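Heads up: the structure comes next, in C-alpha cells.
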Amino acid sequence: MKRFSIIFVLFFVVLFFVPSSADDALVFPKGVVRFLYYNTSMTADSFFDEDGEEISGGDYLGIPVIDMNEMMTWWGYLPHDYYIHKGKLDLTIMRSDFIFDVGVTDKISVRLWFPYYFKKQTKVSFYPPINGEEYWLYNALTGDDLPSNQIVEKNAKGLADMMVGYKQQIIGSNDIERGLRMAYSVGLRLPTSEDWDPVTNPHGDRLDDGQMDVGLWLHVDYVINDNLYINLFTKYEHQMPGTQKINPNDTVTWPFLAPGCPYDNVAVDIDYEPGTYMFAELEPHYKIPLKDKANLELLLSFAYEKEEAGVYKFPEELAGGIELDLEDDWELITITPTFTIENWDKDAVPFEFEIKYTYAYDGKKYPVFNRWQFNLKIYTKLF
C-alpha cells in the first residue's frame, strides 16, 4: 500500500505552502510595521492522478471496493448501491498565520511568520459505511472479518514551523508612476513545530516537516499607471535533510516492514531527504478608487508550482537499509481571484482586507482542493 505512505508525506508537505500568496516588489518605509492575519480553510476529497485526471481519493489510494450485493441478495435483500462500499478520502485544514513585517530602511524590510493549525485532519473510510448486518453475514459465510469502516483518522493542531525573512528592493521604488520595480527575498523556515511520535500518538500527525529549509524569492512588478500593475513572483525552496519518526509496526503505511521488528513499540527516527520546491505566479493588480484614501483592488493570479519527491533512508537493522523514493513528484496549476478593500487614512488605522478563493485548475499527483482565505493587514509607524 505504497499510496498510503505517499498521501501522508504529501499532505504534510502541502501544509508548508498554505497559504501560498504572491508578494509584490513593494517594501515598507523605514519604521513602518505591517501586521498580517491570514485565515485559511482548505478541503479536498479527490486527487489529480499521474495523467492529470481528477479521480476520487479512494481510487488514488488504491482502496479496493467491497461489493456485498451478492451476499445480501442471497440473504433476502434487494441489490442496492448502499451495499457497494468505496474508499473515501477527506483532507481538512483550518489554519491561521500571524505575520510581522518591519521596514528597516526605505529599501529593506524583515519578516517574522508564525503559522498555527487549529485543525489538520486526514480521514480515510468506507462510504457508504458497512453496517452491522453485513459484518455479521460476511463473517458467518466466510469465517473472515470485513475491514473497519474507519481505515485511517489523523488529527493535529498547534504551532507549525515559523519563518524569518529578509527583503530588499533593488530596482525602482514604491512610488514609481510607470516602469519596472524589482525586489528579492531570502528566508529560513525554522523547526519549531512539535515532534510527532506515531507510537504514543497514533491518531496524531505532523504539522510540518520539522526541518530547516532555505528559500529564495524574486518579486517583479511592471507598473503601467497609478491603478494598474502586473506582478511576477517566483520562489525556489530547498528543504534540508533531517529525520522523521515512524511507527515500525505500521505495516499499512510501510508494508515492507515485518512485524516484530527490533524496535517494537518504540518510534524510530529515519533519515529523510526532501526534494526542492518551485513556484511561479503572474498576477495583475487593478485598483478602483472608491473615495478619499479608500480603494477596491481586484487581483487574478495564475500560479504554477512543482515539487520533487523526497527519499526515506531506513536503518539497516529495520529494513535492510532500504531507500524509499516516493516517486511522486507533483505539479499544480491554480487560479485565484482576490478582492481587496484598502483604507490609507492616516487619521484612522490604515488597513487592507482581502477575500481569496483558490481553484485547483490542473495538476498531477496532488489533492484537488478548495481553499478560502480571509486576510487582514494593519499598518502603523513604529520609529
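Every read-out reported here was derived from the displayed coordinates using simple, explicitly stated rules and does not represent laboratory data. Bear in mind the structure is a predicted one, so any value in this text is a computation, not a measurement. FYI the Cβ positions are ideal-geometry reconstructions off the backbone, even for glycines, and counts take in every protein chain you see.
Given the options LEU180, TYR166, ALA156, identify the residue whose Cα lies farthest towards the positive end of the charge dipole of region 154-279 (+1 on Cβ of Lys, Arg; -1 on Cβ of Asp, Glu).
Among LEU180, TYR166, ALA156, the one farthest towards the positive end of the dipole of region 154-279 is LEU180.
Grab the beta carbon distance between PHE100 and THR200, set R0 = 51 Å, and tell me the FRET efficiency rounded to 0.05.
0.90
Can you tell me the orientation of helix 132-142 relative to the chain, as the angle in degrees between its alpha-carbon axis and the longest Cα principal axis, to the nearest 10?
Helix 132-142 sits roughly 50 degrees off the main axis of the chain.
State the three equivalent ellipsoid semi-axes of the chain, derived from the C-alpha gyration tensor as the square roots of 5 times its eigenvalues, in descending order and whole Å.
That gives 45, 25, 17 Å for the three semi-axes.
If you place +1 on the Cβ of every Lys and Arg, -1 on the Cβ of every Asp and Glu, and leave all else neutral, what size is the dipole of region 313-367 about its Cα centre, to the nearest 20 Debye?
Using only the charged Cβ atoms, the result is roughly 240 debye.
Express in whole angstrom the spacing between the alpha-carbon centres of region 163-191 and region 36-63.
Cα centroid of region 163-191 versus Cα centroid of region 36-63: 32 Å apart.
What list of ³J(HN,Hα) couplings, whole Hz, do you get for region 155-167 from phi and the Karplus terms 6.51, -1.76, 1.60, once you set θ to phi - 60° and write x for glycine and proline?
Karplus values, whole Hz, x for Gly and Pro: 9, 8, 8, x, 5, 9, 5, 7, 10, 10, x, 9, 10.
Which loop GluC sites (Glu not before Pro) in region 52-114, with loop taken from DSSP, have no more than 15 other Cβ atoms within 10 angstrom of their Cβ?
Hits after loop and neighbour filter: GLU53.
Would you mind checking LYS86/LYS157; LYS86/LYS245; LYS119/LYS245; LYS123/LYS235; LYS293/LYS377 for any pair whose Cα atoms are more than 25 angstrom apart?
Going by Cα-Cα distance, LYS86/LYS157; LYS86/LYS245; LYS123/LYS235 fall outside the 25 Å limit.
If you average over every viewing direction, what projected area does the convex hull of the Cα atoms of region 166-304 give, in nm²?
12.2
Calculate I(q)/I(0) for region 238-294 by the Debye formula, one identical point scatterer on each C-alpha and no solvent, and give its log10 at q = 0.16 Å⁻¹ to two decimals.
Log10 I(q)/I(0), no solvent term: -0.69.
In whole percent, what relative contact order does the chain give with Cα contacts below 8 Å and a gap of six or more residues?
Relative contact order comes out at 17 percent.
Angle between the Cα long axis of helix 2-16 and the longest principal axis of the chain, 0 to 90 degrees, nearest 10?
Taking Cα atoms only, the helix is inclined about 20 degrees.
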